[in-house]
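The values are calculated or read from the model by the stated rules, or taken from the named source; none is laboratory data. Keep in mind that this is a model prediction, so the values were computed, not measured. Neighbour counts are summed over all protein chains in view; Cβ atoms, including those assigned to glycine, are modelled from backbone coordinates with ideal geometry. Accessible surface is based on the protein model in full, side chains and every heavy atom, while ligands, DNA and RNA are left aside. Shrake-Rupley method; radii C 1.70, N 1.55, O 1.52, S 1.80 Å.
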Amino acid sequence: MTKHFSHKQPYPLGAHVEDGGVRFSLVSRAETCGILLYDRRTGRLSEKIPFTRDDRIGNVYCRTVKGIHTEACTYLFYEDERLIPDERGRVFPIRIPYGKERRQEDMKAGFLTEEFDWGEDRAPRIPYHHALCYCLHVRGFTKHASSGVEHRGTFAGIKEKIPYLKEIGVTTIELQPAYEFTEIPLKEDHPQNLPYAAISGAAKEGKSAGSKLNYWGYTKGYYYAPKAAYAAESDPAQEFKELVKSLHENRMELVMQFYFPKEVKCTEILDILCFWILEYRVDGFHLLGENLPMDMLAGDDALADTKLWYYSFDTDRLYSRNEQPGCPHLAEYNDAWYYDMRRFLKGDGNMLGSALYHMRHIPSKAGGIHYLSNYFGFTLADMVSYDYKHNEDNKEENRDGTDYNCSWNCGDEGATRRRSVRELRLKQMKNAMCLLLLSQSTPLIFMGDEFANSQKGNNNPYCQDNTVTWLDWRGIERNGELHAFWKMLVGFRQRNPILRPEKELRLMDYIACGYPDLSYHGQYAWRPETGGNYRHIGIMLCGKYAQSHKDCDGAFVYLAINMYWERRGLALPKLPKGMEWELAFSTEPECAQKEDGKEESEGLLREVASRSIAVYVAK
């Protein structure tokens, strides 16, 4: 028989093992409420423990119960006649297959009892200028039969794919919500509006979600537990820790997305993040939601070496004027780069100035995450294949999702047999990869974009748990040329540290070497043309500003970018004596740049093919 003590310690909320007992704390305004204890093996109710007025502090009821065998026990709270799952539960032992309806009683919580051997685990602490990020959905990443893993759609499946992720240059993986959430509303719950509408446009204001599958997971969750349906075995906590440990052993990081609706209290958010750092040793968080206490989180000392990604940070308020963090842990993560660079890529006017800014910009005292595709919107392949969204499978009459995609189908809508269209799409995807990896903040790619994975024009697949969102790994073979180009580009970025500086380049010769760190060029060297009608530019980066890196492949790098639909001439500046320009690679299939370019007084004029990027290095 258990013994009950009222110790009047309301926080932290939930259930916590302390001094041989378990302290339960519940926020409730109900007339009657309490604790239900169950036998973990049989699921039978073993004891009902009501809270009394003596257990109450404000709206919090708290009581310590001794004599509980935590390894053999589960629990629920109750209010009047209603079962209440513990939102702060660490373990939910009842395994319900993904996508199957759950009842309140299926959400009995348990206790973390097993110790995990972390061995000599060390967090990589990868600086932003060395990072390459990869956003993925745990289930969608390996659920397709073509993934070739033993444990499809799970944390273990990601672990099996670590060698592949290393092969394509990934240092940091970002997981869409992987904490426990209900992809189908609990049976006794009343459906609410789709929670992610404010961010994704997935739902109209006031529209009921009904029992539609929440594949993405942007809803209020059970934030202290890994999602059980994403585990291959019976212990999701153990499996998640194995994933983190394996990533660290391979010098890779794990960043988790957390979506917090406005009803989640600010202090609770800090507790949640600290729990995942201490219990699961994750490396960072991408925070989504409304009214988040970002100043408090960014300035918290316990999070000082943990990556925090958010729309923006007020670093002028967080740091004094002369204070510069040695290795920034904050990073801006917003769509400004995404939309402007998509428009530049498809040849819109008046975008060259914005493109140049985005390619060089690194936020002051923070990092910057830039991307051309993400879990929302078109994938990279769909961005060059569709002018319009095709979300009919979502059963909302194609009204969900954004109409502002900044995409171009290259001449045909969707799948096509026209060779000219397919070739142009391939070149545009290569151009996109160049813009992504040759820009100087931290690049992020969405899963499968490195081999042109398509979602069939669906730009809002929040409810699609099928081949629309499951990554089809056969694309590596089908689109081998693009996949090889991605890996080549990653290697080029790694060999040329001037492409990934720690701080924003200054367009100045501040080391008196005769060349600025970054310079722009037009038809004539040193004379860029950036008016509204121009869509081509030459960008030279002087590698002498990265001489501390011994792996530098060439002292100068020149990017000849032409997003116009006709050839354009660009001048390569004269180099120091004994050096000459050499073409490293081009997105034009036949490398149409004229190698016998015309000599000018300040450099060598080269013609750049339409809608293409050519990259030169100085040898």
Item to check | Set of lysines near Lys544 by C-alpha distance (under 20 Å), chain-local residues within fewer than 8 positions excluded | outcome: Lys503, Lys574, Lys577, Lys619
Checklist entry - Could the peptides 41-51, 19-29 be put in order, highest first, of the mean number of other beta-carbon atoms found within 10 Å of their residues? => result 19-29, 41-51
Checklist outcome for this item: Once phi for every residue in the range 392-397 is put through the Karplus expression 6.51 cos²θ - 1.76 cosθ + 1.60 (θ = phi - 60°), the whole-Hz ³J(HN,Hα) values, with Gly and Pro written as x, are 4, 5, 6, 6, 10, 6
Checklist entry - Roughly how many percent of the accessible protein surface of the chain is carbon and sulfur, given a 1.4 Å probe and a whole-percent answer? => result 46 percent
Checklist entry - Using alpha-carbon pairs under 8 Å, 6+ residues apart, how would you state the relative contact order of the chain in percent? => result 10 percent
Checklist entry - Taking the mean number of other Cβ atoms within 10 Å as a proxy for protection, how do you rank 171-179, 243-251 from highest to lowest? => result 171-179, 243-251
Checklist entry - In what sequence, highest mean first, do 442-451, 367-376 appear when ranked by Cβ atoms within 10 angstrom? => result 442-451, 367-376
Item to check | Only Lys, Arg (+1) and Asp, Glu (-1) charged, at Cβ; the chain dipole about Cα centre in debye | outcome: 640 debye
Item to check | Which of Asp106, Asp403, Asp305 is most accessible, then next, and so on - probe 1.4 Å | outcome: Asp403, Asp305, Asp106
Checklist entry - Could you give the distance between the Cα centres of the range 267-324 and the range 18-44, to the whole Å? => result 32 Å
Next on the checklist: Given a Förster distance of 56 Å, report the FRET efficiency between Trp526 and Asp121 from their Cβ-Cβ distance, rounded to the nearest 0.05.
Outcome noted: 0.65
Next on the checklist: How tilted is helix 336-345 with respect to the longest principal axis of the chain? Cα atoms for both, answer in degrees (0 to 90, nearest 10).
Outcome noted: 40 degrees
Item to check | Gain in span if fully extended, Asp509 to Ile94, counting 0.36 nm per residue against the direct Cα distance | outcome: 143.0 nm
Checklist entry - Averaged per residue, what accessible area in Å² does the range 1-85 show with a 1.4 Å probe, protein chains only? => result 57 Å²
Checklist outcome for this item: In degrees, nearest 10, the alpha-carbon axis of helix 480-495 is tilted away from the dominant principal axis of the alpha carbons of the chain by 80 degrees
Checklist entry - Pairs Lys66/Lys108; Lys241/Lys307; Lys48/Lys108; Lys48/Lys265; Lys66/Lys241: which exceed 21 Å Cα-Cα? => result Lys48/Lys265; Lys66/Lys241
Checklist entry - Given a 1.4 Å probe, how much area per residue of the range 332-456 is accessible, in Å²? => result 34 Å²
Checklist entry - Where does helix 266-280 land angle-wise versus the long Cα axis of the chain, in degrees 0 to 90, nearest 10? => result 80 degrees
Checklist outcome for this item: Given backbone amide H placed at 1.01 Å from N, residues whose amide H is under 5 Å from that of Tyr179, ignoring those fewer than 5 places away on the same chain, are Lys227
Item to check | the range 414-492 versus the range 136-178: alpha-carbon centroid distance in Å | outcome: 17 Å
Checklist entry - What is the local net charge at Glu332, summed over the other residues whose Cβ is closer than 13 Å to its Cβ (Lys, Arg +1; Asp, Glu -1)? => result -1
Item to check | Sum of -39500 (n - 2.57) over DSSP H runs of 4+, divided by residues of the chain (222 nm, nearest 500) | outcome: -5500 deg cm²/dmol
Checklist entry - Which whole-Hz couplings ³J(HN,Hα) result when phi for each residue of the range 106-122 is put into the Karplus expression 6.51 cos²θ - 1.76 cosθ + 1.60, θ = phi - 60°, listed in order with x for Gly and Pro? => result 6, 9, 4, 9, x, 10, 6, 10, 8, 7, 10, 8, 7, x, 9, 4, 9
Next on the checklist: Taking amide H atoms as placed 1.01 Å from N in the peptide plane, list the residues 5 or more away in sequence, or in a different chain, whose amide H sits under 5 Å from that of Leu330.
Outcome noted: Leu308, Gly367
Next on the checklist: Per 0.36 nm of contour for each residue apart, how much would the distance between Asp412 and Arg478 grow if the chain were fully extended, relative to their Cα-Cα spacing?
Outcome noted: 21.8 nm
Item to check | 3J(HN,Hα) from dihedral phi, the range 44-53, Karplus parametrisation 6.51/-1.76/1.60, rounded to Hz, x for glycine, proline | outcome: 7, 5, 10, 6, 10, 10, x, 6, 10, 4
Checklist entry - Once amide H atoms are built 1.01 Å from N in the peptide plane, which residues 5 or more positions from Ile57, or in another chain, come under 5 Å H to H? => result Cys62
